[in-house]
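What follows is calculated from the coordinates using simple rules that are stated; it is not laboratory data. Just so we're clear, the structure is a prediction, and the values are computed from it rather than from any experiment. As a convention, Cβ positions derive from the backbone with ideal geometry for all residues, glycine included, and neighbour counts pool all protein chains shown.
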């Protein structure tokens, strides 16, 4: 079986590509490692910036997108792609159990939350260590928590948690934030948020639950023990590309290079969503990428 397009990943970008691909009359297969479609939005309690769906949960939006795909007849299969191989003008996608063949490929594998890499992080994951404030914040009502990071997500998390937590420490390794000025102002003026600049988390301590953090001042090398009930880590993301060989050109962080046409350095391979190197990584830009990738694929197939 030779598909017109195989989409790797079933997050918003992959699902949107599936919808647009099927509507374009293409023979489409979506390959994903999970039986539940949606990608990272499945762990998002509330999405308030997707136009027309204020306050929708990530699960609801994912289910709606998957239902749309199913209604159109998009084919889905489970499999972790380890390599993309060029053979006789086609693309072979190698998985552990099977090899799939297509004329074109859309890489929509998304990205994952970056880790601090300090002692206690892995051991206490889910026991006070979280990477999603909107998912887990409600468990920390009237408690003391810390947020680590300096970008938009970290600032948004601190503001969100301050609504119901007793106190929020915002720990940043630099002396100024990278996030939007409006968010910075909201953080600075919030009495429940205490900012700790120029500092890193050296260890997360606790037995069965997070109990404290070891914080190091980068300027003086002094350390302090900070008693908290939870820590929310928002230090960026890592593209989900490391396990796949045969990928197109990427930037220094591993995000695949392509403009809004989603055309990569390898003919016939396209990229969509958070795995693409771009300014803004949101649901709306992911779905837009999915649509653009299919439009480019149509042009590519017509030229063959």
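Given the Cα-Cα distance of residue 238 and residue 43 and 0.36 nm per residue of separation, how much length would full extension add, in nm?
Answer, rounded to one decimal: 68.6 nm.
Over the residues of the chain, the helix contribution to mean residue ellipticity at 222 nm works out to -7000 deg cm²/dmol, using -39500 (n - 2.57) for each DSSP H run of at least 4. When the Gaussian network model of the chain links Cα atoms closer than 10 Å, the mean-square fluctuations of 130, 221, 82 top out at 221.
The residue 174 and residue 253 beta-carbon pair, evaluated with R₀ = 22 Å, returns a calculated FRET efficiency of approximately 0.75. DSSP beta bridges confined to the stretch 58-136 are antiparallel in about 90 percent of cases.
Highest mean first, the peptides 222-234, 65-77, 102-114 sorted by other C-beta atoms within 10 Å per residue fall in the order 102-114, 222-234, 65-77. For the stretch 132-153, backbone nitrogen atoms closer than 13 Å to the point 7 Å from residue 209 Cα along Cα-to-C-beta are found at 139-145. For the pair residue 125 and residue 223, label points projected 7 Å from Cα toward Cβ lie 2.3 nm apart.
Taking the chain as a Gaussian network, Cα atoms linked when under 10 Å apart, which of 288, 16, 242 shows the biggest mean-square fluctuation? Result for the chain, Cα springs under 10 Å: 242 fluctuates most.
Of the beta bridges in the chain, as assigned by DSSP with both residues counted there, near 45 percent are antiparallel.
Over the stretch 100-226, what is the relative contact order in whole percent, taking alpha-carbon pairs under 8 Å and six or more residues apart?
Details: 200 pairs, mean separation 28.0, N = 127.
Relative contact order of the stretch 100-226: 22 percent.
In percent, rounded to a whole number, the relative contact order of the chain is 20, using alpha-carbon pairs under 8 Å and six or more apart. Please say if the stretch 129-233 is rounded, prolate or oblate, where rounded means a/c under 1.5 for a ≥ b ≥ c the square roots of the C-alpha gyration tensor eigenvalues, and otherwise the choice is prolate for a/b larger than b/c and oblate otherwise? Since a/c reaches 1.5 but b/c is at least a/b, the shape of the stretch 129-233 is classed as oblate.
How much of the DSSP bridge set in the stretch 1-146 is antiparallel, in percent, rounded to the nearest 5? Taking every DSSP beta bridge with both residues in the stretch 1-146, the antiparallel ones total about 40 percent. For the pair residue 68 and residue 194, what calculated FRET efficiency results from E = 1/(1 + (r/R0)^6), where r is the Cβ-Cβ distance and R0 = 45 Å, to the nearest 0.05? Taking R0 as 45 Å, the efficiency between residue 194 and residue 68 is 0.50.
What residues from the stretch 87-114 fall in the zone where the backbone N is under 12 Å from a label point 7 Å along the Cα-to-C-beta line of residue 34? Label zone hits: 110-113. Taking every C-alpha pair closer than 8 Å and separated by at least 6 residues, the mean separation divided by the residue count of the stretch 164-234 gives a relative contact order of 25 percent. With the simple spin-label model, which puts each label point 7 Å out from Cα in the Cβ direction, the residue 77 to residue 185 separation comes to 5.4 nm.
Neighbour counts of other Cβ atoms within 10 Å put 197, 131 in the fewest-to-most order 197, 131.
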